[in-house]
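Below is one structure, written out as structure tokens; the observations come after it.
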Amino acid sequence: MTITETMLPGVVVINPDVFCDERGYFMESLRADRLEAVGISKPFVQENQSGSRRGALRGLHFQLRRPQAKLCRVVSGEVLDVVVDIRLNSPTFGKHVCVLLSAENKKQVYIPRDFAHGFVVLSDFAEFMYKCDDYYDSEDQHGIAWDDPDLAIDWQLNSDPILSKKDLQNQSFASCTEMDLPTYRG
């Protein structure tokens, strides 16, 4: 397992060791001791899975009262995963990273609490799985517009994305106030 840091402190890309033979492949998709070595030690308590068709865009989502760290991967298809630092006073506030996750590359991305997260499906269909270190609270869901010009995210889209009614109403990044965003804790 190789763990690579990104430009956003705490956001890491995990490349599992994959062992292949005539039967197929084997890999460890979760190895707590290796994650703990890079500071990821809180246990995961919930796992979610979604299936989405090409062009479906989910995000950018975050929670304030019950923020969730996430360990994300794709088990079929391909997505562009996007992580945005929304922590007030952070040195990387408003910056983002994009990671291509696919069933083929088997990469995972770890997203600490207090970051916004989203993804768009680049294949015909994709199954996206993520583990969370806290439970989802439907009363604590927040979002930032996927196409916010201040964030300038290249979603690698050739046409308009497919969005939920809720994501169509996400606010701009500039309109978020101190009450709407988490604070950097250094």
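Residues considered: E36, E47. Of these, the only one that is more than 23 Å from Q169 (Cβ to Cβ), loosely packed, with under 13 Cβ neighbours inside 10 Å and at pLDDT 95 or above is E47. Can you find even one residue in region 57-67 that is touching a Ser or Thr at 6+ places or on another chain (Cβ under 6 Å), buried (at least 18 other Cβ atoms within 10 Å of the Cβ) and in a strand (DSSP E or B)? No, region 57-67 contains no residue that is touching a Ser or Thr at 6+ places or on another chain (Cβ under 6 Å), buried (at least 18 other Cβ atoms within 10 Å of the Cβ) and in a strand (DSSP E or B). Entry remark, region 28-86: residues being of a type outside the set (D, E, K, R), closer than 14 Å to F115 by Cβ and under 11 Å from the mean Cα position of the chain (by Cα) number 11 in total. Say whether the condition of being over 17 Å from A103 (Cα atoms), at pLDDT 90 or above, in a loop (DSSP other than H, G, I, E, B) and of a type outside the set (D, E, K, R) is met by at least one residue in region 11-33. Yes, region 11-33 has at least one match.
Specify which of the listed residues (G143, G118) is under 13 Å from L60 (Cβ atoms), touching a helix residue (DSSP H, G or I) at 6+ places or on another chain (Cβ under 7 Å) and touching a residue at least 40 places away in the same chain (Cβ under 8 Å). Write out each step before concluding.
Values: G118 fails: touching a helix residue (DSSP H, G or I) at 6+ places or on another chain (Cβ under 7 Å).
After applying the criteria, what remains is G143.
Taken together, F128, F119, F115, F173 contain a single residue that is within 14 Å of L64 (Cβ to Cβ), of a type in the set (F, W, Y) and in contact with a Leu (Cβ under 9 Å, 6 or more places away or on another chain), which is F115. The C-beta contact set for region 7-36 (first residue under 30 Å from P91 (Cα atoms), second residue part of a loop (DSSP other than H, G, I, E, B) and modelled with pLDDT of 95 or more, distance under 6 angstrom, 6+ apart or interchain) comprises L8/T92; G10/P112; V13/K107; N15/K107; P16/K106. A count restricted to region 1-60 and to residues that are in contact with a helix residue (DSSP H, G or I) (Cβ under 9 Å, 6 or more places away or on another chain) and among the basic types (K, R) stands at 1.
The single condition from (1) closer than 21 Å to R53 by Cα; (2) within 14 Å of the chain's Cα centre (by Cα); (3) part of a strand (DSSP E or B); (4) among the hydrophobic types (A, V, I, L, M, F, W, C) that W155 fails is (3). So, R66, is that one over 24 Å from D147 (Cβ atoms) and touching a helix residue (DSSP H, G or I) at 6+ places or on another chain (Cβ under 8 Å) or not? For R66, the condition - over 24 Å from D147 (Cβ atoms) and touching a helix residue (DSSP H, G or I) at 6+ places or on another chain (Cβ under 8 Å) - is met.
The values are calculated or read from the model by the stated rules, or taken from the named source; none is laboratory data. It should be emphasised that the depicted structure is a prediction, and the values quoted were computed from it without experimental measurement. Methodologically, a virtual Cβ is constructed for each residue, glycine included, from the backbone with ideal geometry; neighbour enumeration extends over all protein chains shown.
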